[in-house]
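The values are calculated or read from the model by the stated rules, or taken from the named source; none is laboratory data. Keep in mind it's a predicted model, so treat the numbers as computed, not measured. FYI the Cβ positions are ideal-geometry reconstructions off the backbone, even for glycines, and counts take in every protein chain you see.
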Amino acid sequence: MLEAGKDDNIVEKKLTESAYRSHNFNVIPPIIGIIIADQYGNTITVFEYDSNDVDKYESIKSYLSGDQKNFLEIDLVSMYLSSFKIFAGQANIKNLSHLEIYGSNIKAQIYFLLEKFMVIIFLNSNTDLNSKDRAQVIKYCEDKLNKYEFEYRNFNETGSRETLSILEQKGKKWLKKFNVRYIQTYKNIYLRKHETTEELMNKLGLIIQSEINEYLNHVPEEIINNFSKDLKNKIQDKLFEINLNKPE
């Protein structure tokens, strides 16, 4: 029994590690970092997921720059994205609350809060924040903006910069906890999906094989086996696509 339990743990570890790497979470964290800027695109605070000994994560600007020698400055990023808000006003797009930009490696979610500030969240392109996750991230930023509105509005003042620097350090710690929790939840869901899919396929496999044998009883066995295997794989892939995450 002990050996069986040990083997199961090894299999689970290999499965989750494979999924973890297939989504590039080993090189790009779920949330890379968050920028809080004013409505004109002036960057006020930035907190990023620091690298550790296992995963070598980079800064936000390193993911935004193809040329490692010419990093795109963060201030330019927030100023560029703030132009979407200006465009929305000029184009009569009313009540613009957020935007999303998708890339093959990373994506960005831009939220306009309290009519004065902009929150830019950079994520791994495979990160799927459910409504609860999104609300948690936005609330964290909104709480800080409400509590320290004076410092954020007067971010160039010496006293404000000291407070904002402390908020950045706290933000980094909060982001690290969020990412660790997200990855663990992702691994748990992946294992649950794998177990559920395996259970369903064990039941469906017998039905599929029985139906194939009945309707293709004159077909050579090699062709039947190949067809059966291909059909089972396609059904398994479709079953695995079912989202077992918490409902929206």
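Determine, yes or no, whether residue 187 is under 30 Å from residue 103 (Cβ atoms), in contact with a helix residue (DSSP H, G or I) (Cβ under 9 Å, 6 or more places away or on another chain), among the basic types (Lys, Arg) and at pLDDT below 75.
On the way: under 30 Å from residue 103 (Cβ atoms): yes; in contact with a helix residue (DSSP H, G or I) (Cβ under 9 Å, 6 or more places away or on another chain): yes; among the basic types (Lys, Arg): yes; at pLDDT below 75: no.
It is false that residue 187 is under 30 Å from residue 103 (Cβ atoms), in contact with a helix residue (DSSP H, G or I) (Cβ under 9 Å, 6 or more places away or on another chain), among the basic types (Lys, Arg) and at pLDDT below 75.
Which of the following residues is of a type in the set (Asp, Glu) and modelled with pLDDT of 75 or more: 73, 48? Checking each option against the conditions leaves just 48.
Say we look at the range 91-102 and pick out the residues that are closer than 22 Å to residue 124 by Cα and either modelled with pLDDT under 85 or touching a Gly at 6+ places or on another chain (Cβ under 6 Å) (or both); which of these is surrounded by the fewest Cβ atoms within 10 Å (Cβ to Cβ)? Checked the range 91-102; the qualifying residue surrounded by the fewest Cβ atoms within 10 Å (Cβ to Cβ) is 97. Counting residues in the range 138-154 that are of a type in the set (S, T, N, Q) and modelled with pLDDT of 90 or more gives one or more. Quick check on my filter: what residues within the range 150-168 are farther than 14 Å from residue 38 by Cβ, in contact with a strand residue (DSSP E or B) (Cβ under 9 Å, 6 or more places away or on another chain) and free of Cβ contacts under 8 Å to residues at least 24 places away in the same chain? Across the range 150-168, the qualifying residue is only 165.
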